[in-house]
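Chemist: Just dropping this structure here.
The values are calculated or read from the model by the stated rules, or taken from the named source; none is laboratory data. Just so you know, these numbers come straight off a predicted model, no measurement behind them. Cβ atoms come from the backbone with ideal geometry, glycine included; neighbour counts cover every protein chain shown.
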Amino acid sequence: MSAGDRVSASVFVDAPPDIAFEVFTRQIDSWWRHGMKFRSGAREVSVLHLECRLGGRLFETIEAPGGDAGHVVQTGTVTAWDPPRALEIEWRGVNFAPQERTTVAVTFEPRREGTQVTLVHAGWAALPPDHPVRHGQAVRPFIAGMGLWWSDQMTSLRMTVDTLRDAPWLRIARAETGVRAHPPGSSNPRITAYHAHTDIAGYDDKANWCSSFVGWSLRQAGIAGTGSALARSWLDWGEPLAAPRPGCIAVLWREDPASWKGHVGFFVREDGDEIVLLGGNQLGAVREQRHPRANVLSYRWPAAATRETAP
């Protein structure tokens, strides 16, 4: 291959290949960076998906402001699938012509106590020099820029694996993304299961379930929650944090700071004057959602006493 045909990026992650592969694939939205440099969605809610099978799609769903129906942007198709060793994706940028494509190949090799993840993005030489994806750059600076772009992504992958090692409940919670309340007349039994170890055990998905979801996620990681379906019950749980960290529990006020009403979810990231939470009962589903930073009452982290196997 020519020097202008491929870019590569490699990172060591502190996890075995099966975990590294799972985070890269099934949890791709957790590490893929946000912003117009990396996603088609800007301020709208953008979620990246990878269908984990041969022929599966790599695509982004972008919701319009207010949670209205948005649109889907597909950028790839899985052409090789060999978990947890390797995968390959036929990659097409949003400004590619129908016949234009590149290839992203990723390998996961055991190294010491972790995994070396190596990504090679090839096929750029087949695109014309004036292709819009190059933004008018010559071959050398364009390839250098793409290398930095993927290096940023691989750094984010490493940081996300570190976060999920420290906050294993976040990985459990993210795997529930898409679970949603059913329309009136029916109920989602998965949400009833979230309620099972709270003071509203047996209730259906019409009861508020943000606190139940947080408690369920922690329980799956062997950590005792509050046992309450009230969001503000988490104000007395664990230890307070002076500043948020990924995976911590954010407790928010709702309607009025002095009200008993609230909301609770797992902190993911900051975005200007807003924070992004992964949680249940967010627009009726398990999903990420932005909330005003000013609504936060407390950030909480498990205390040593809560890190016990839940009964």
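Chemist: Please count how many residues of segment 192-204 are buried (at least 22 other Cβ atoms within 10 Å of the Cβ) and either closer than 23 Å to Gln289 by Cα or touching a strand residue (DSSP E or B) at 6+ places or on another chain (Cβ under 6 Å) (or both).
Modeler: 2
Chemist: Shifting gears a bit: Condition first: modelled with pLDDT of 95 or more and either in contact with a Pro (Cβ under 6 Å, 6 or more places away or on another chain) or over 22 Å from Arg134 (Cα atoms) (or both). Can you find one or more residues in segment 90-105 that meet it?
Modeler: Checked segment 90-105: no residue is modelled with pLDDT of 95 or more and either in contact with a Pro (Cβ under 6 Å, 6 or more places away or on another chain) or over 22 Å from Arg134 (Cα atoms) (or both).
Chemist: Only one of Leu58, Leu48 is free of Cβ contacts under 8 Å to residues at least 24 places away in the same chain and closer than 14 Å to Ile28 by Cβ. Can you tell me which?
Modeler: Every option except Leu48 fails the conditions.
Chemist: For a quick check of your reading: which helices (runs of 4 or more DSSP H) sit entirely within segment 135-209 and have at least 3 residues that are over 30 Å from Thr103 (Cα atoms)?
Modeler: Passing ranges, in order: 168-174, 189-195.
Chemist: Taking strands (runs of 3 or more DSSP E) that do not extend beyond segment 80-132, which have at least 2 residues that are over 23 Å from the mean Cα position of the chain (by Cα) and surrounded by fewer than 16 Cβ atoms within 10 Å (Cβ to Cβ)?
Modeler: Because the criterion is at least 2 residues that are over 23 Å from the mean Cα position of the chain (by Cα) and surrounded by fewer than 16 Cβ atoms within 10 Å (Cβ to Cβ), the strands (runs of 3 or more DSSP E) in segment 80-132 that meet it are 102-111.
Chemist: To continue, here is another question. Regarding segment 287-298, can at least one residue be identified that is under 21 Å from Asp199 (Cα atoms), buried (at least 17 other Cβ atoms within 10 Å of the Cβ) and modelled with pLDDT of 95 or more?
Modeler: The answer is no, given that none of the residues of segment 287-298 is under 21 Å from Asp199 (Cα atoms), buried (at least 17 other Cβ atoms within 10 Å of the Cβ) and modelled with pLDDT of 95 or more.
Chemist: Going by the conditions given, is Ala167 hydrophobic (A, V, I, L, M, F, W, C) and touching a Ser or Thr at 6+ places or on another chain (Cβ under 9 Å)?
Modeler: no
Chemist: Applying the selection to segment 113-137, what residues are of a type outside the set (A, V, I, L, M) and under 13 Å from Ala20 (Cβ atoms)?
Modeler: If the condition is that a residue be of a type outside the set (A, V, I, L, M) and under 13 Å from Ala20 (Cβ atoms), then Glu113, Gly114, Thr115, Gln116, Thr118 are the ones that fit.
Chemist: Looking at segment 140-168, I want the residues that are over 20 Å from Arg39 (Cα atoms) and touching a residue at least 12 places away in the same chain (Cβ under 8 Å) and have a partner that is polar (S, T, N, Q) and buried (at least 20 other Cβ atoms within 10 Å of the Cβ) with Cβ atoms under 9 Å, at least 6 apart or on another chain. Which pairs are those?
Modeler: Here the result reads Val161/Thr115; Thr163/Ser30; Leu164/Gln27; Leu164/Ser30, each pair linking segment 140-168 to a residue that is polar (S, T, N, Q) and buried (at least 20 other Cβ atoms within 10 Å of the Cβ).
Chemist: Output the residue which, of all residues in segment 255-272 that are modelled with pLDDT under 95 and within 11 Å of Asn295 (Cα to Cα), is surrounded by the most Cβ atoms within 10 Å (Cβ to Cβ).
Modeler: Pro257
Chemist: Can you tell which of Leu218, Leu297 is touching a helix residue (DSSP H, G or I) at 6+ places or on another chain (Cβ under 8 Å) and closer than 19 Å to Thr160 by Cα?
Modeler: Testing whether each residue is touching a helix residue (DSSP H, G or I) at 6+ places or on another chain (Cβ under 8 Å) and closer than 19 Å to Thr160 by Cα leaves just Leu218.
Chemist: Restricting to segment 13-48, count the residues that are of a type in the set (D, E, K, R) and part of a strand (DSSP E or B).
Modeler: Final tally of qualifying residues: 0.
Chemist: Here's another thing I want to ask about it. If Phe213 meets every condition in (1) surrounded by fewer than 18 Cβ atoms within 10 Å (Cβ to Cβ); (2) touching a helix residue (DSSP H, G or I) at 6+ places or on another chain (Cβ under 6 Å) apart from one, which number is that one?
Modeler: Here Phe213 clears every test but (1).
Chemist: Hey, Arg26 hits all of (1) of a type outside the set (A, V, I, L, M); (2) out of contact with any Ser or Thr (no Cβ under 6 Å at 6 or more places or on another chain); (3) modelled with pLDDT of 95 or more but one; which does it fall short on?
Modeler: Unmet condition: (3).
Chemist: If I filter segment 60-79 for residues that are within 28 Å of Asp18 (Cα to Cα) and over 22 Å from the mean Cα position of the chain (by Cα), do I get at least one hit?
Modeler: Yes, there is a match, as at least one residue in segment 60-79 is within 28 Å of Asp18 (Cα to Cα) and over 22 Å from the mean Cα position of the chain (by Cα).
Chemist: Name the residue that is surrounded by the most Cβ atoms within 10 Å (Cβ to Cβ), counting only residues in segment 138-170 that are more than 30 Å from Pro17 (Cα to Cα) and modelled with pLDDT under 90.
Modeler: Val139
Chemist: Looking for something within 27 Å of Ser46 (Cα to Cα) and surrounded by fewer than 18 Cβ atoms within 10 Å (Cβ to Cβ) - is there at least one such residue anywhere in segment 239-253?
Modeler: Within segment 239-253 (the criterion being within 27 Å of Ser46 (Cα to Cα) and surrounded by fewer than 18 Cβ atoms within 10 Å (Cβ to Cβ)), the answer is yes, since at least one residue qualifies.
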